[in-house]
Amino acid sequence: MRVKPQRIAVVGGGIIGTAVARELAHRFDDATVTLFEKESTLASHQTGHNSGVVHAGLYYEPGSLKAKLCRSGVEKLIRYAVENGVPYDECGKLVVAQNTDEVDRLEAIYARAQANGVPNVKLLDRNEMREVEPHVRGVLALHSPHTAIIDYATLTESLGRDLEAAGGEIRYDAEVARLDALSSEVRVMLALPGAQGSKVTEPAGTYDLAITCAGLQSDRLAVASGLEEEPRIVPFYGDYFVARGPAAEVVRGLIYPVPDPAYPFLGVHLTRSIDGSLMLGPNAFLSLGREKYQRKVGPIGGVDFGDLGRTLGYKGFWRFASQNLKAAAREAKTALSPQAFIAEAQKFVPTLDATAVHPGPRGVRAQAMNPDGSLVDDFVITNRGRLTQVRNAPSPGATSSLAIAEYVVDKAVESLR
Ligand SMILES: Cc1cc2nc3c(=O)[nH]c(=O)nc-3n(C[C@H](O)[C@H](O)[C@H](O)COP(=O)(O)OP(=O)(O)OC[C@H]3O[C@@H](n4cnc5c(N)ncnc54)[C@H](O)[C@@H]3O)c2cc1C
């Protein structure tokens, strides 16, 4: 027989932690659910620094968690957005091949999209693709009419309000130092400022269940809590450029390149945002800090020496680097030169006015990596006793968040048997 949890802790107020806490508060209405977030707002990291695309599920390995949770996540997200007045625009997406090599890869993506049950996808020739996007250039395009855009920070705030309305509590500025798994409960230890910049820990209660959704810090929190060190998080930044006003009107929806199958990032794309602007990007390059968004010309942004040392001291990173020299050289071009960055977008939309494009925000991806240098592609959710961890939730993690929440809660509840 299953025991009903009475006290539940969730760590991390990104979209996944907030969705998980809301799901718990609705499922166990007589339990107290506490969401611990180290920043003073929700969605301060990946959730508030992304492309805002509601992916339809084109690319993912059929049968993988990504493929399943993306498709069911989209359905849940649309329903939620409509019922809660969160602005959502089904603007559609083209994935555009520029040469015969890319045509072969695009056809493989089309087969995957069909296997994943993505509705109404079609291959379009040059003329047909221009009916969808009059300024696009390419030889063949995959059209996904139901791919959409949303503001994930707005969505997360709405989920946070649901959590509080259901009796849950959000503790802001509450950094969890570690979780101690005891025989029948989990103790949450907070990190508080000590003397001369040091940190001291203090207990913040014991819980029947604890779930961590710490994004860029997921491996650190796991190690501090006595759990596996692998997979490690290696941060990859993505810069955006932005066009506003008439310059943005050259694109109606979303235009993507055909991704390099050896690399997990999608390549510089053109994305309309819910505020009407046009975003170009993101590229993908090693970040010198996990939570550094400051942007300078070239690849050097803010540096966190602790984060950098952790990346450079990891043998998996060096293996990854040696296996991906070609992709790194390609990405370095867009990291070093704004002109090269904008030229990537102009391959797809030659009429894009480079003079109307300005540097935009930066996001940092939490990319899990194995010791052999391979990148962990799928979502990774593990549990030990009453402690469940979301270890890897890259894109389409935001799209899939409501489905991930149900999946994670099911998995966590199994531990109570
Ligand atoms: C550049 C970029 C573009 C992307 N584009 C898309 C897209 O278009 N569509 C899509 O579906 N996905 C996209 N993604 C992926 C998506 O943003 C993530 O999958 C999603 O935001 C992950 O949510 P999360 O809650 O796991 O992580 P986060 O949003 O990073 O949240 C983790 C939270 O945990 C908190 N935290 C960490 N450690 C502690 C601690 N010790 N104590 C307390 N709190 C802690 C952090 O402060 C943070 O608020 C993109 C990501 C990036 C970076």
ASP89 modelled with pLDDT under 95 and open to solvent by 60 Å² or more (accessible area, probe 1.4 Å): no
Cross-chain or 6+ apart pairs with Cβ under 6 Å, segment 194-221 first and in contact (Cβ under 8 Å) with a residue 60 or more places away in the chain, then within 8 Å of the ligand (Cβ to nearest atom) and assigned to a helix (DSSP H, G or I): THR212/LEU221; CYS213/ILE16; CYS213/GLY17; ALA214/LEU221; GLY215/GLN46
Segment 221-245 - residue that is under 17 Å from VAL376 (Cβ atoms) and surrounded by fewer than 19 Cβ atoms within 10 Å (Cβ to Cβ) and, of those, modelled with the highest pLDDT: VAL223
Residue match in segment 63-75 (condition: under 20 Å from ARG272 (Cβ atoms) and either modelled with pLDDT of 95 or more or surrounded by 16 or more Cβ atoms within 10 Å (Cβ to Cβ) (or both)): yes
Condition broken by SER218, with the remaining ones in (1) more than 22 Å from SER401 (Cα to Cα); (2) open to solvent by less than 40 Å² (accessible area, probe 1.4 Å); (3) polar (S, T, N, Q) satisfied: (1)
GLU185 being within 14 Å of the ligand (Cβ to nearest atom) and either at positive phi or of a type in the set (D, E, K, R) (or both): no
Boolean, GLY238 is of a type in the set (Gly, Ala, Ser) and assigned to a strand (DSSP E or B): yes
GLY48 vs. criteria on the phi > 0 side of the Ramachandran plot and within 18 Å of the chain's Cα centre (by Cα): no
Meets criteria (within 11 Å of the ligand (Cβ to nearest atom), β-branched (Val, Ile, Thr) and in contact (Cβ under 8 Å) with a residue 60 or more places away in the chain) for VAL96: no
LEU94 vs. criteria under 18 Å from VAL251 (Cβ atoms) and open to solvent by less than 40 Å² (accessible area, probe 1.4 Å): yes
Members of segment 323-377 that are open to solvent by 40 Å² or more (accessible area, probe 1.4 Å), under 20 Å from the mean Cα position of the chain (by Cα) and charged (D, E, K, R): ARG365, ASP377
Residue that is least open to solvent (accessible area, probe 1.4 Å) [pool: residues in segment 154-168 that are away from the ligand (no atom under 14 Å from the Cβ) and not hydroxyl-bearing (Ser, Thr, Tyr)]: GLY168
Evaluation of ALA81 against (1) under 20 Å from the mean Cα position of the chain (by Cα); (2) over 25 Å from VAL20 (Cβ atoms); (3) of a type outside the set (Val, Ile, Thr) (one fails), failing number: (2)
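Per-residue answers, yes or no, for (1) within 7 Å of the ligand (Cβ to nearest atom); (2) within 30 Å of LEU140 (Cα to Cα); (3) not in a helix (DSSP H, G or I):
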| residue | (1), (2), (3) |
| --- | --- |
| ALA25 | no, no, no |
| VAL33 | no, no, yes |
| SER40 | no, no, yes |
| ASN50 | yes, yes, yes |
| LYS66 | no, yes, no |
| GLY73 | no, yes, no |
| VAL82 | no, no, no |
| VAL86 | no, no, yes |
Single residue of segment 284-303 satisfying the filter (at pLDDT 90 or above, in contact with a Leu (Cβ under 8 Å, 6 or more places away or on another chain) and open to solvent by 20 Å² or more (accessible area, probe 1.4 Å)) that is farthest from LEU221 (Cα to Cα): LEU288
Residue tally, condition within 30 Å of PHE320 (Cα to Cα) and within 13 Å of the ligand (Cβ to nearest atom), over segment 198-226: 15
Segment 1-23, residues that are within 15 Å of the ligand (Cβ to nearest atom) and either among the acidic types (Asp, Glu) or not in a strand (DSSP E or B) (or both): GLY12, GLY13, GLY14, ILE15, ILE16, GLY17, THR18, ALA19, VAL20, ALA21, ARG22, GLU23
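The values are calculated or read from the model by the stated rules, or taken from the named source; none is laboratory data. Values in this document were obtained by computation on a predicted structure and should not be read as measured data. Reconstructed Cβ throughout: ideal geometry from the backbone, glycine too, with neighbour counts over all protein chains shown. These accessible areas exclude ligands, DNA and RNA; they are computed on the full protein's heavy atoms, side chains included. Shrake-Rupley method; radii C 1.70, N 1.55, O 1.52, S 1.80 Å.
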